[in-house]
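Worksheet for the structure shown next.
We did not get these values from a lab; they are worked out from the coordinates using the rules stated. Please read all numbers here as calculations on a predicted model, not as lab measurements. As a convention, Cβ positions derive from the backbone with ideal geometry for all residues, glycine included, and neighbour counts pool all protein chains shown.
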């Protein structure tokens, strides 16, 4: 029995194929026989309850006779069951009042928890419970040519689903105003129109892999070029907005540009991949780590780097005080080194600085911030214990992995920064919290 274009021929069919020419003809006829249609129904049904409509009421003019202020509309995505909602900053910027309409037509006033102009993201909160929340997927795993769905409210048409493919990744289109803008968009050809901003871009599993943000158009309508903020970047920014009201942004202190063929030949590189460092901040993270102008960056913690936008996207996933592994080429040789990231003021920051990291290790445990699912239970925030070291003060006090720290020395702990500040201020270090599977509070007295 023969095989043509991914399809098995029956014995009767095979007996009728008598020559190479007939085989080629049969192959041409059956080229598309193995291409099955993609089913978007389950993905649509999974994400549509998570996408809401947003109306932003702008402040009225201070001058008499110039109206009561404009109303702008957009879309947003529910990302937690207790009312956290993600949208674009430009959808709610300057609003004196924000109104959110759910798919079941319930309406709520929304509060802006935080906004980030650099990524055009904003986090809203409504007073609601038991909402259907979107599930984040891994936007790094997206491949060009993969099917995606855009869900939003274009032209006030609620719950509109369109489809397309991933046209490109890491696009920078200079659409954001901020000097430190981070543009590394997912480009798709899904139909995105005015009103789609802030809506969901999902894969065929119904997982959130982007927030629709912009289009390139001459007509003001869809022309096949839509752009979304990658989900992995959005999740990191939204977590900071939730925990701190602002983004704790790390910098490397290096100016880079994409490598072209002429530069690659001059630097004796086999291909024009990577991004070349053109300048360094004096005593900045990159300079302290040992990087030099002329070095070609090719990866950050194993993630490929080919442009400044890709570097910015990768850096945006880390906080000041964290260490990243940089892969680079110098004098034709591939090398690696570690860089301790800092904030814009060239300080390592409090969150995960070497000092705070050493303090937690001395006490014998590590922590992380809460997920949105955990926030549904611990609405005032907290931090979760992820490891307890053997023969440490934490282990001797019987602290266990999974403990949610909500208080320290009688004060609320909403995030990691609250915890570190409290641990450095007093020697008592009486932490309070709960275990997810137990219905009472626990207290632990920690001393080095």
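Placing a label point 7 Å from the Cα of residue 246 along the Cα-to-Cβ direction, the residues of region 82-123 with a backbone N closer than 14 Å are 114-118. Residues within the reach of a label modelled at residue 398 (point 7 angstrom out along Cα to beta-carbon, backbone nitrogen below 17 Å), restricted to region 427-448, are 431-447.
Which length gain, in nm to one decimal place, applies between residue 412 and residue 273 when the Cα-Cα distance is subtracted from 0.36 nm times their residue separation?
Working: separation 139, 0.36 × 139 = 50.04 nm, distance 4.84 nm.
Between residue 412 and residue 273, full extension yields 45.2 nm more.
Kindly state, to the nearest 0.05, the FRET efficiency for residue 216 paired with residue 379, given R0 = 51 Å and r defined as their beta-carbon distance.
Working: r = 40 Å, r/R0 = 0.79.
Efficiency at R0 = 51 Å is approximately 0.80.
Straightening the chain between residue 443 and residue 261 buys 59.3 nm, computed as 0.36 nm per residue apart minus the Cα-Cα spacing.
Distance from the Cα centre of region 282-330 to that of region 393-412, in angstrom? Comparing the Cα centres of region 282-330 and region 393-412, I get a distance of 35 Å.
Projected label points at residue 335 and residue 293, each 7 Å from Cα along the beta carbon direction, are separated by 1.7 nanometres.
Rounded to the nearest 0.05, what FRET efficiency is calculated for residue 345 and residue 41 with R0 set to 51 Å and r the Cβ-Cβ distance?
On the way: r = 51 Å, r/R0 = 1.00.
Rounded to the nearest 0.05, the efficiency is 0.50.
Computed from the C-beta positions of residue 325 and residue 156 and an R0 of 56 Å, the FRET efficiency is 0.70 to the nearest 0.05.
Taking each residue as 0.36 nm, the span from residue 130 to residue 303 lengthens on full extension beyond its C-alpha to C-alpha distance by 58.6 nm.
Counting beta carbons within 10 Å around each of 375, 435 and listing the fewest first gives the order 435, 375. Site pair residue 59 and residue 358 shows an inter-label distance of 4.6 nm when each label is modelled 7 Å from Cα along Cα→Cβ.
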